[in-house]
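Okay, structure first, notes after.
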Amino acid sequence: MDHAIIDQAANRQLNVEPYWMPFTPNRHVKADPTPRIITSAKGAYYRTAEGRELFDSLSGLWCCPLGHAQPRIVEALRRQAETLDYCTAFQMTNPVTLRLAERIADMAPDGLDRVFFTNSGSEAVDTALKIALGYHRLRGEAGRFRMIGREKGYHGVGFGGMSVGGMVANRKMFATAMIQGVDHLRHTHDYAEMAFSKGQPTWGAHFADDLERMVALHDAGTIACVIVEPLQGSAGVIVPPLGYLQRLREICTRHGILLVFDEVITGFGRLGAPFGADRLGVIPDMITFAKGITNGIVPMGGVIVRKEIYDTFMTGPAAAVELFHGYTYSGHPLAAAVAHASLDLMEEGDLFARVRELEPILEGAVHTLRDEPGIKDIRNFGLTAAVDLEPTPGQPGARALRIFERGLREGILLRFTGDTIAMGPPFISTQAEITGMIEMLRGLIRAEA
């Protein structure tokens, strides 16, 4: 198929056919790929092969809060590549990774001070699940094998994360390979009681009591862990009700169940604090992270655990491997160097505070869309927001797709799931860019009404 897309750098035509694109309707996109070819990025904007500038309304994929082509990050990557480009994490380590583990432990909530590095959020989740199972086994409670996720939850695409995840489309094709003993809490979004909430809904803390139903059904002695996102991002910015996470923490503590927060999206500032746990006032037993730690420049993820959990593994002969788990690229020095540069920029720019300053700007602007045609709900918390659209009859997802594609022609890159438009702009965005983003969305909604 001849699309006549020219790679300006190589001065040759691009062929889209060999590339199997992830989470993408490949046939639809490849029928007209030109508007979707990104050739460069700077600050809060992408540039397409057609020369069009697009505002990056979701910080890449929730992962570029500092924007693109940040000079300090580029320099850190170059300098580290010249110094130590790779170091195995098996039996060996290096200074830049050691300093990063210490730095993350210092940032984490009280008591979480051991860091295991992975390369993505998916790997971080599967690592946390394995740690939970191993922890209970080493304590003589091998019967704790069940893992509890939540409806609408997204925990990556590993078999573990997919099993505890609660997004049907991600699960149904692979149902026969799901991990045994997994169950799911009810999700916390109720249109009748929560529609158009600003920040945390005041109603809904009782949804946490669904865990007591799980305990009654399965027996607490069989449950290893509960894993939830403090704020559900991939499902469309589902904000936890006031008191919900506190109650979930209390139930887990009472029954000896580990509580894991998946903070791949919320970690490193998205909610205006180092972690969602800080903003929401609840300390879990483990936190998974990825995305923002390196500003999306080099893949990196990890798990932060309580020292008690780590110490439980530190048994047997001192020369024996305590946890048979890890990745070739765990704690990669290039990723660690970029992470340091990213954290330096966040600290020097006081960007967590900036998120809190931009939060009411985004909240005020996005809720002005309430009376636009076909708006079903609007939600926001931290520097995140979502707009639910009434679907086109008989064509779920079609309306959001049309808005997305029109946005590519009119100067904005949006993120949609089903008929939900999600936004998580870069922390470096100006107030004018935040309000301008909403005004662009308003025009798109009206055009597709």
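The values are calculated or read from the model by the stated rules, or taken from the named source; none is laboratory data. Note that this is a predicted model, so its numbers are computed, not measured. As a convention, Cβ positions derive from the backbone with ideal geometry for all residues, glycine included, and neighbour counts pool all protein chains shown. Side chains are part of the model used for accessible areas, which takes the heavy atoms of the whole protein and leaves out ligands, DNA and RNA. Shrake-Rupley method; radii C 1.70, N 1.55, O 1.52, S 1.80 Å.
Applying the selection to region 365-415, what residues are closer than 23 Å to Pro241 by Cα and of a type in the set (Phe, Trp, Tyr)? Please lay out each step first, then the result.
Going through region 365-415, the residues closer than 23 Å to Pro241 by Cα turn out to be 365-370, 375-389.
The answer is Phe381, and nothing else.
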Look through Ile37, Ile73 and report the one residue that is under 26 Å from Phe275 (Cα atoms), out of contact with any Pro (no Cβ under 7 Å at 6 or more places or on another chain) and of a type in the set (Val, Ile, Thr).
Ile73
Mind checking which residues of region 172-200 are within 21 Å of Leu369 (Cβ to Cβ) and outside any loop (DSSP other than H, G, I, E, B)?
Tyr191, Ala192, Glu193, Met194
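Here's the yes/no breakdown for (1) at positive phi; (2) touching a strand residue (DSSP E or B) at 6+ places or on another chain (Cβ under 6 Å); (3) in contact (Cβ under 8 Å) with a residue 12 or more places away in the chain:
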residue: Gly331; (1), (2), (3): yes, yes, yes
residue: Leu334; (1), (2), (3): no, no, yes
residue: Ala353; (1), (2), (3): no, no, yes
residue: Glu357; (1), (2), (3): no, no, no
residue: Glu363; (1), (2), (3): no, yes, yes
residue: Asp371; (1), (2), (3): no, no, no
Examine region 374-388 for a residue that is among the polar types (S, T, N, Q) and either in contact with a His (Cβ under 8 Å, 6 or more places away or on another chain) or within 18 Å of Ala273 (Cα to Cα) (or both), and state whether such a residue exists.
yes
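Does Thr93 satisfy the condition of being surrounded by 22 or more Cβ atoms within 10 Å (Cβ to Cβ) and either among the acidic types (Asp, Glu) or in contact (Cβ under 8 Å) with a residue 12 or more places away in the chain (or both)? Let's see the steps before the verdict.
Numbers: surrounded by 22 or more Cβ atoms within 10 Å (Cβ to Cβ): no; either among the acidic types (Asp, Glu) or in contact (Cβ under 8 Å) with a residue 12 or more places away in the chain (or both): yes.
No.
Open to solvent by less than 40 Å² (accessible area, probe 1.4 Å) and either under 30 Å from Leu362 (Cα atoms) or under 23 Å from the mean Cα position of the chain (by Cα) (or both): is that true of Val164 in this structure?
Details: open to solvent by less than 40 Å² (accessible area, probe 1.4 Å): yes; either under 30 Å from Leu362 (Cα atoms) or under 23 Å from the mean Cα position of the chain (by Cα) (or both): yes.
Here the answer is yes, as Val164 does meet what is asked.
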Can you confirm whether Asp262 is at pLDDT 95 or above, among the acidic types (Asp, Glu) and under 19 Å from Phe207 (Cβ atoms)?
yes
The residue from Gly269, Gly301 that alone is open to solvent by less than 10 Å² (accessible area, probe 1.4 Å) and either touching a Pro at 6+ places or on another chain (Cβ under 6 Å) or over 21 Å from Gly160 (Cβ atoms) (or both) is Gly269
Going by the structure shown, is Val298 within 21 Å of Val125 (Cβ to Cβ) and either assigned to a helix (DSSP H, G or I) or under 21 Å from the mean Cα position of the chain (by Cα) (or both)?
yes
Can you tell me which of (1) polar (S, T, N, Q); (2) outside any loop (DSSP other than H, G, I, E, B); (3) open to solvent by 70 Å² or more (accessible area, probe 1.4 Å) is the one Ser342 doesn't meet?
(3)
I'm checking my understanding of the structure. Among residues of region 113-128 that are in contact with a strand residue (DSSP E or B) (Cβ under 6 Å, 6 or more places away or on another chain), among the small types (Gly, Ala, Ser) and open to solvent by 10 Å² or more (accessible area, probe 1.4 Å), which one is farthest from Ile257 (Cα to Cα)?
Ser120
Reported set for region 379-396 where residues are over 13 Å from Asp419 (Cβ atoms), touching a strand residue (DSSP E or B) at 6+ places or on another chain (Cβ under 8 Å) and not basic (Lys, Arg) is Asn380, Thr384, Ala385
Could you please find all residues in region 399-433 being surrounded by fewer than 17 Cβ atoms within 10 Å (Cβ to Cβ), assigned to a loop (DSSP other than H, G, I, E, B) and in contact with a Pro (Cβ under 8 Å, 6 or more places away or on another chain)?
Gly418
Residues being part of a loop (DSSP other than H, G, I, E, B) and either of a type in the set (Phe, Trp, Tyr) or open to solvent by less than 10 Å² (accessible area, probe 1.4 Å) (or both) - total across region 351-398
2
Among the residues of region 87-102, is any closer than 19 Å to Pro274 by Cβ and in contact with a strand residue (DSSP E or B) (Cβ under 7 Å, 6 or more places away or on another chain)?
yes
Where residues in region 237-263 are under 11 Å from the mean Cα position of the chain (by Cα) and not in a strand (DSSP E or B), which of them is farthest from Ser163 (Cα to Cα)?
Val237
Residue pairs qualifying under the 6 Å Cβ cut-off, at least six apart or on distinct chains, with the first in region 434-447 being open to solvent by less than 10 Å² (accessible area, probe 1.4 Å) and the second being β-branched (Val, Ile, Thr), are Ile434/Ile361; Ile438/Val366; Leu444/Ile403
State yes or no: is Gly267 touching a residue at least 40 places away in the same chain (Cβ under 8 Å) and of a type in the set (Gly, Ala, Ser)?
no
Scanning region 40-62 for residues that are in a loop (DSSP other than H, G, I, E, B), over 13 Å from Ser429 (Cβ atoms) and not small (Gly, Ala, Ser) gives Glu50, Arg52
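Residues checked against (1) closer than 21 Å to Val239 by Cα; (2) in contact with a helix residue (DSSP H, G or I) (Cβ under 7 Å, 6 or more places away or on another chain):
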{"position": "Ile375", "(1), (2)": "yes, yes"}
{"position": "Arg379", "(1), (2)": "yes, no"}
{"position": "Pro391", "(1), (2)": "no, yes"}
{"position": "Arg402", "(1), (2)": "no, no"}
{"position": "Arg406", "(1), (2)": "no, yes"}
{"position": "Ile434", "(1), (2)": "yes, yes"}
{"position": "Arg442", "(1), (2)": "no, yes"}
